[in-house]
Every structure is written in structure tokens, then in C-alpha cells.
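J.: Let me give you the structure first, and then I'll get to my questions.
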Amino acid sequence: MVYLYQNKETLPTFIAKHLLPLQLFTRIHSINRYRSNTYVKREDELSASIVGSKYRKYASIIPFLKQQNFSEVAIIGGENSNNIVGILQFLNEHNLTAKPFLLKQNQHNLRGNSLWLRLLCPENEIYWIERKDWTRVNDIAYAYCNRQTHKTFVLEEGGNHESALWGAMTLAIDILRNEQQNSLNFSDIFIDSGTGITSIAMILGFAVMQEHNRNFHITMIAGNESTYRNLLQKYTSYIENTLSTTIDTSKYNITFHTPPTAKSFGAVNTTVLNEIQLIARTTGMLVDPIYSAKHFLTAKNTVTQNSPSLLIFNGSSFGLAGFQEKIEQKIK
Ligand SMILES: *Cc1c(COP(=O)(O)O)cnc(C)c1O
């Protein structure tokens, strides 16, 4: 056990004070028929309708909002965002008003997240943003909040806020628990990235607990390496200041990967659909196309040493809901 400097407590004890009382453990199991010497971490099992990585973030965002007495939250994202549908579930549960600022995606039929979104929030509460105005979305949301008389918080796209770090760091704690329970030591950990905060928090969690010697493989589903490194730097400083500790960033061992196919965010093609089928038949998991199928394919194509690898399944089968017609066409 590593004790945090000054606080004289461990990271898990410190973090626990910032979390909702949720079950934040997930299992691992081997998927050797898909990728040899590989285990998958079932983050999809944290919640039936909220993506696992998001669920961990909300575990500490919600306590932050309550503690700061916010009564309304401006949320930002695309009409099909996993984050919007996930946070709406938590905001409704906790009696916090949501004000979505959403990128209009002009689709013909409502399906998947765009449909669940409208179950969770009345259409006339949504502030639609045209694509040409999307770069100004944060300004628009902050301007809205400044006009309110009650305390209103702007949660930027992907739940990318420092209050999400504590919840997201539980992933590192939980991986250590998996390793101990299964007498394993993962030399390579594969994780997918959107804004980057989920994987950054995991890397920081390992660093604070002084668990080095792991190679982190980041599948860049969205964003790029330089924005990722800037965010890593920003959150490293935040954690160092908050925990009064120093983090040796030279020990980070990070490799960035881009998916071999359908590289732009949101793109889905036959290769991705074929991979979903292959994963279903070799592992039993139903994975979403936007993040997880591309992430798995990327990991499968990456050669690592002989020691076991861990592949994090951050997505959910729920994310497949918007793709039923595409899958039907593929199966026929
Ligand atoms: C949102 C999401 C991520 C990425 O999380 P970030 O913290 O934005 O990097 C990864 N996988 C899935 C399935 C997601 O929905």
C-alpha cells in the first residue's frame, strides 16, 4: 500500500470520500479465441444503460455538483452521444435540472441514443446548435448559465471536468484488484479514448499508487495526440496539487494507436460490422461500433510481449441499438 504524502491515507480511501455509493467493481475474463493471452475487463457490466467509463465519471461528478449547490447543469454533446444519455439518467435521478446543448445531426429516424435522449428529456428543453456554430457551443452554454438566477454548471463535452477524475481513477484501483484476485500482472493495457479523461485518470491512478511498468495503449477514437498530451499535463498538475504529491511523468509508457479502418469519429463500415460479428462469436460480447469494435480491432492488430494483456471494454451493448438496420443488412 502506498500512502499519499501529507494525507496519510491511501488513494482508495481518499477517493471514496468523493464518490456516490455505487458498485464500481467489474470482472475480467480471458478472450483467447479473439486475441491470444488477453483478458477483457467488463466495464459494460457496471450498468445496463450507461457506458461503463461514463458511469465511473458520474460517480464523482454528481457529488461535486451537489456539494457546490448547483441545481442545473448545461450538458454538451452530439445528438447520439453516450455521455448525454448517461448523464441525463443520473441528473434525473438526483433531481438536478438538465439543459442539453446538442449538435443537430439531421437524421431521418430517431434510433438508439437520439431516441433514449428524448425519453429522458423533453424536446422543447433542448437547445439545438447548428454545425456551423458548434465551435462556439461552450460560449453559448456559459452565456445561458450567466443569465440564470440559480447556480448553473457547464459540463463540457464528454464530461471532461476535473471532478470526474476521482470516479474515473477507480478504474486503476479496480484493475489492481483484478490482478491480485487472479494472480496476474498485465504488461499491456489497451483502452479507448474520446476526450481522453477516462484513460488519463487511469494512468494517473497507477502513477499515484506507484504502480509503474505497464504499457498503456490508447486507441484514439476521437481527438489527437497533442490535445491528449496537453490534457494529461493539465490533469497531472491538478492531481499533484490536490494530493500534494509529485508524479514522475517520465515513467509513463504510452503508445497511441489509430483504428485501422473507419478512422473518423462516428464512421462505421463493413469491416467494423464484420468485427462486431466476429467478437460476438468468439467472445460472446455484443460490442458497440463507434468505440469498442474499432478499439478491439486495433488491439488485435497490435503485437505485444508474451505476458498477458488487458483489453478494456468501456462500451456497451446498448450502443448497438442505433445500428440494428445496418446489422440486419449485414446478416442477410
Ligand atoms: C465516452 C467513451 C469513451 C471515452 O471516454 P473519454 O473519457 O472521453 O476518453 C470510451 N469508450 C466508450 C464506449 C465511450 O462511450
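The numbers here are math on the coordinates, done by the rules we state, and not lab data. Model, not experiment: these values are computed from the prediction. Using ideal geometry, Cβ is built from the backbone for each residue, glycine included, and neighbour counts are taken over all protein chains shown.
J.: List the lysines whose Cα lies under 28 Å from the Cα of K8, skipping any in the same chain that are fewer than 8 positions away.
T.: Within the straight-line limit of under 28 Å, K8 reaches these lysines: K17, K57, K66, K234, K251.
J.: Spin-label point model (7 Å from Cα, Cβ direction): what's the N185 to R131 distance in nm?
T.: 5.0
J.: Another question about this same structure. Points 7 angstrom from Cα along the Cβ direction at Q148 and S237: gap in nanometres?
T.: 2.9
J.: What residue among T242, T38, A16 has its Cα farthest toward the positive end of the dipole of the chain, where the charges are +1 on Lys, Arg and -1 on Asp, Glu, each on the Cβ?
T.: With unit charges placed on the Cβ atoms, the residue in question is T38.
J.: Next question. Count charges around M202 for me, please; just the other residues with Cβ under 13 Å from its Cβ, Lys/Arg as +1, Asp/Glu as -1. Working shown, then result.
T.: Details: positive: K41, R56, K57, R214; negative: E43, D174, D192, E211.
Local charge sum for M202: 0.
J.: Let me ask something additional. Towards the positive end of the charge dipole of the chain, with charges on Cβ (+1 Lys, Arg; -1 Asp, Glu), say which of Y291, Y3, N83 has the farthest Cα.
T.: About the Cα centre, the residue reaching furthest to the positive side is Y291.
J.: In addition: In whole Å, how far is the Cα centre of region 9-81 from that of region 241-280?
T.: So the separation of the two Cα centres works out to 17 Å.
J.: For a Förster distance of 30 Å, can you work out the FRET efficiency between the beta-carbons of D139 and T271, rounded to the nearest 0.05? List each step's numbers first, then the result.
T.: Values: r = 38 Å, r/R0 = 1.27.
Step by step, r from the Cβ atoms, then E = 0.20.
J.: Suppose every Lys and Arg Cβ carries +1 and every Asp and Glu Cβ carries -1, with no other charges. What dipole size does the chain come out with about its Cα centre, to the nearest 20 debye? Could you put the intermediate results ahead of the total?
T.: Details: 32 positive and 27 negative charges, 84 e Å.
Result for the chain is approximately 400 debye, rounded to the nearest 20.
J.: Which of the GluC sites (Glu not before Pro) found in region 1-62 are loop residues per DSSP with 16 or fewer other Cβ atoms within 10 Å of their Cβ?
T.: Working: sites: E9, E43, E45; in loops: E9.
Qualifying residues, ordered by number: E9.
J.: May I pose another question? What FRET efficiency comes out for the pair Q105/Y3, r = Cβ-Cβ distance, R0 = 45 Å, nearest 0.05?
T.: On the way: r = 48 Å, r/R0 = 1.07.
After rounding to 0.05, the efficiency reads 0.40.
J.: Any aspartates and glutamates with Cα under 18 Å of the K300 Cα? List them, leaving off those in the same chain fewer than 8 positions away.
T.: Cα-Cα hits under 18 Å: D188, D192, E275, D288.
J.: Output the DSSP H helices from the chain with an along-axis C-alpha extent of no less than 15 Å and a mean Kyte-Doolittle hydropathy no less than -0.5.
T.: Working: long enough: 52-67 (24 Å, -0.53); 82-93 (17 Å, 0.47); 137-147 (16 Å, -0.25); 164-182 (28 Å, 0.01); 197-208 (16 Å, 2.33); 225-243 (26 Å, -0.93); 270-283 (19 Å, 0.34).
Taking the DSSP H segments of the chain (at least 15 Å long, mean hydropathy at least -0.5), we get 82-93, 137-147, 164-182, 197-208, 270-283.
J.: Antiparallel DSSP bridges in the chain: what percent, to the nearest 5? Mind dumping the intermediate values first?
T.: Values: 4 of 36 bridges.
Close to 10 percent.
J.: Would you work out the relative contact order for region 132-220, in percent, from Cα pairs under 8 angstrom that are 6 or more residues apart?
T.: Working: 74 pairs, mean separation 24.9, N = 89.
Relative contact order here is 28 percent.
J.: Measuring from label point to label point, each 7 Å out along Cα→Cβ, what is the R27 to L119 span in nm?
T.: 2.6
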